[in-house]
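The values are calculated or read from the model by the stated rules, or taken from the named source; none is laboratory data. Everything numeric here is computed off the predicted structure, so don't read it as measured data. Here the Cβ positions follow ideal geometry from the backbone for every residue, glycine too, while neighbour counts run over all protein chains shown.
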Amino acid sequence: MSLTTADVQKVARLARLAMNETEIEAARSQLSGIFDLIAEMQAVDTRGIAPMSHAQDVAQRLREDKVTEANQREAFQAIAPQVEAGLYLVPQVIE
Amino acid sequence: MLNSSLQQLGAALRAKNISSVELTQLYLDRIAQHNPGLNAYITLNPEMSLAQAREADARIAAGKAGALTGIPFAQKDIFCAKGWLTTCGSKMLHNFVSPYDAHVISQFNDAGAVNLGKTNMDEFAMGSSNETSYYGTVKNPWDTARVPGGSSGGTAAAVAARLCAAATGTDTGGSIRQPAALCGISGLKPTYGVVSRYGMIAFASSLDQAGPMARSAEDLALMMNVMAGFDERDSTSLQRDKEDYAREINKSVSGGKPLTGLRIGLPKEFFAEGLDGDVAKAVESAIAEYRKLGASVVDISLPNSRLSVPVYYVLAPAEASSNLSRFDGVRYGYRAPEYSDLADMYEKSRAQGFGAEVKRRIMIGTYVLSHGYYDAYYLQAQKIRRLIAQDFTEAYKQCDVIMGPTSPSTAFKLGEKGDDPVQMYLSDIYTIAVNLAGLPGMSIPCGFGANNMPVGLQIIGNYFDEARMLNVAHQYQLATDWHSRAPQGL
């Protein structure tokens, strides 16, 4: 399968990955090769087969809706790129 | 000491023939001497390691030692360890000192084991050669011009070079078994859900499973006893009774042939085109040895296993693209130094923080999950995943374990597959189906191929059959000495 430059640009934007033209072109060629590999899957007849999302068919465990984690804000914020007064700082998004 | 089993090390420590501080220092000295040439470790912290060793010695003196108390282990750098730099092989986490312990780490800590350091790995466990690590490639101790395999390549190299007593790995598509094979050591990927994923940095959550890597099946069993067990913090951790993985290790049919009655399935697809002749020869010799030990051989077929690579390269990237969306430069990890607004900060932090292979997989995953493609890729892959799992269910009606090669070739040269991701992906052709089905799989050394590089025998068990697999591997290791060979010069 051959991806277009526009396909790759769209995927890069959805994935929040900044890419220049050279990188887009390199990715286009490599991803096309990988999708050729994946294409082998398309010929398989899977009518009536239930999708398998997990290795074990077990139901999701539920727990009581109560707080179980201790507050570790200081430990967590100590490794953040930018914090102030207990808040994570990011570029302004609302004028 | 360096070639002692974990059981022997534990006994020597409890008998006070050696202290944990002495043993830890012995390994730290070896690491200082040999790691610069191998690059097996990303992070060392002798002060923290020795502090744990002193605690272990106190525990031994108090008579409260367990099987692994005082023994120095290396931990793959995918496991969060409190106070330790935890990078997952990525620039994205170059400054991430974990504020908490993964379940696996706390299990080792509770056992009184010493953390010697964090081992190198492919970035976010995406790779089969350890060449995608931001911290430089790991060299294979058997030939430093060759790769150690991946993604647990640092662990495999450290165990093979005797730079730790044993170590941990994780396996999403073969990342324990393939490097174990390429470095001539033993490794076990347990049944999915047996070892908690809490604090293990996620790649593809429905496939990721942690396991032990060591010099023998006996050692793997002792480590499984510490690593396995229910943990409510992992939503897919299985609620099962605690088991002793060493309970069957010495099981032997009386009267000569210890494995009499064992039926070994040989899938014809694992011995077809694409398998190197030297690997085939070593694996066939191992099967012949198993016959001598009393096992019988059954020809089986896993007809859909050829689809496991394409299916994996839809499902694993899809899950990865979702898991890795958390790395956005806001709460921890890398943030780009310059940006114009919030979207630009995300895009630049991720573009600069992730390496090429990780970006490639995020893009594959994003594409297959995007509007209009979901049914054709993700859903179709999940349906074929069931067909692959059903092949194994059918096969286990005729046999007890399945055997074959772990990898189609021995360790390849550094840089040999660098420009072609598809060629690299195909090196996991025999291991991936096991992850898709959620079965336990292991690799043990079974000889040497061309260029004197180690060959691995893969043993695939039915669900929760780890104790039997360890017995099957142990009986082979009693009859042969491939597992005790060590690379020269170390």
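Does residue B:157 satisfy the condition of being assigned to a helix (DSSP H, G or I), in the same structural domain as residue B:30 (by TED's automatic domain parsing) and under 10 Å from the mean Cα position of the chain (by Cα)?
So residue B:157 does not fit the description; no.
Among residues belonging to the range A:46-73 that are more than 9 Å from every other protein chain (Cβ to nearest Cβ) and either under 27 Å from the mean Cα position of the chain (by Cα) or surrounded by 10 or more Cβ atoms within 10 Å (Cβ to Cβ) (or both), point out the one that is nearest to residue B:386 (Cα to Cα).
Out of the qualifying residues, it is A:57.
Among the residues of the range A:83-95, what is the count of those that are more than 7 Å from chain B (Cβ to nearest Cβ), loosely packed, with under 10 Cβ neighbours inside 10 Å and in contact with a helix residue (DSSP H, G or I) (Cβ under 7 Å, 6 or more places away or on another chain)?
Residues flagged as more than 7 Å from chain B (Cβ to nearest Cβ), loosely packed, with under 10 Cβ neighbours inside 10 Å and in contact with a helix residue (DSSP H, G or I) (Cβ under 7 Å, 6 or more places away or on another chain) within the range A:83-95 amount to 1.
Among the helices (runs of 4 or more DSSP H) lying completely within the range B:325-440, list those that include at least 2 residues that are at pLDDT 95 or above.
Result: B:342-353, B:356-369, B:380-395, B:432-437.
Please enumerate the residues belonging to the range B:310-332 that are surrounded by fewer than 24 Cβ atoms within 10 Å (Cβ to Cβ) and more than 7 Å from chain A (Cβ to nearest Cβ).
Listed by number, the residues that qualify are B:319, B:322, B:323, B:325, B:326, B:328.
Just to be sure before I move on: is residue A:39 at the interface with chain B (Cβ under 8 Å from one of its Cβ atoms), free of Cβ contacts under 8 Å to residues at least 40 places away in the same chain and exposed (fewer than 15 other Cβ atoms within 10 Å of the Cβ) in the structure I sent?
When the stated conditions are applied, residue A:39 passes them.
Quick test of your reading of the structure: residue B:375 fulfils all but one of (1) within 14 Å of chain A (Cβ to nearest Cβ); (2) crowded, with 22+ Cβ neighbours inside 10 Å. Name the failing condition by number.
Condition not satisfied by residue B:375: (2).
Of A:16, A:28, which residue is at the interface with chain B (Cβ under 7 Å from one of its Cβ atoms), surrounded by 10 or more Cβ atoms within 10 Å (Cβ to Cβ) and charged (D, E, K, R)?
Just one listed residue meets the conditions, A:16.
Pick out the one residue from B:251, B:292, B:268 that is surrounded by fewer than 18 Cβ atoms within 10 Å (Cβ to Cβ) and either in contact with a helix residue (DSSP H, G or I) (Cβ under 7 Å, 6 or more places away or on another chain) or assigned by TED's automatic domain parsing to the domain that holds residue B:369 (or both).
The conditions single out B:251.
Please determine, by comparing only the residues of the range B:410-433 that are polar (S, T, N, Q) and within 22 Å of residue B:357 (Cα to Cα), which one is surrounded by the most Cβ atoms within 10 Å (Cβ to Cβ).
Within the range B:410-433, the match that is surrounded by the most Cβ atoms within 10 Å (Cβ to Cβ) is B:431.
If residue B:264 meets every condition in (1) assigned to a helix (DSSP H, G or I); (2) in contact with a Cys (Cβ under 9 Å, 6 or more places away or on another chain) apart from one, which number is that one?
(1)
Can you name the condition, by its number, that residue A:80 falls short on among (1) at the interface with chain B (Cβ under 7 Å from one of its Cβ atoms); (2) closer than 23 Å to residue B:335 by Cβ; (3) touching a Leu at 6+ places or on another chain (Cβ under 7 Å); (4) not acidic (Asp, Glu)?
With respect to (1) at the interface with chain B (Cβ under 7 Å from one of its Cβ atoms); (2) closer than 23 Å to residue B:335 by Cβ; (3) touching a Leu at 6+ places or on another chain (Cβ under 7 Å); (4) not acidic (Asp, Glu), residue A:80 is out only on (3).
Within the bounds of the range A:1-11, is there any residue that is part of a helix (DSSP H, G or I) and either within 7 Å of chain B (Cβ to nearest Cβ) or loosely packed, with under 11 Cβ neighbours inside 10 Å (or both)?
Yes; the residues of the range A:1-11 include at least one that is part of a helix (DSSP H, G or I) and either within 7 Å of chain B (Cβ to nearest Cβ) or loosely packed, with under 11 Cβ neighbours inside 10 Å (or both).
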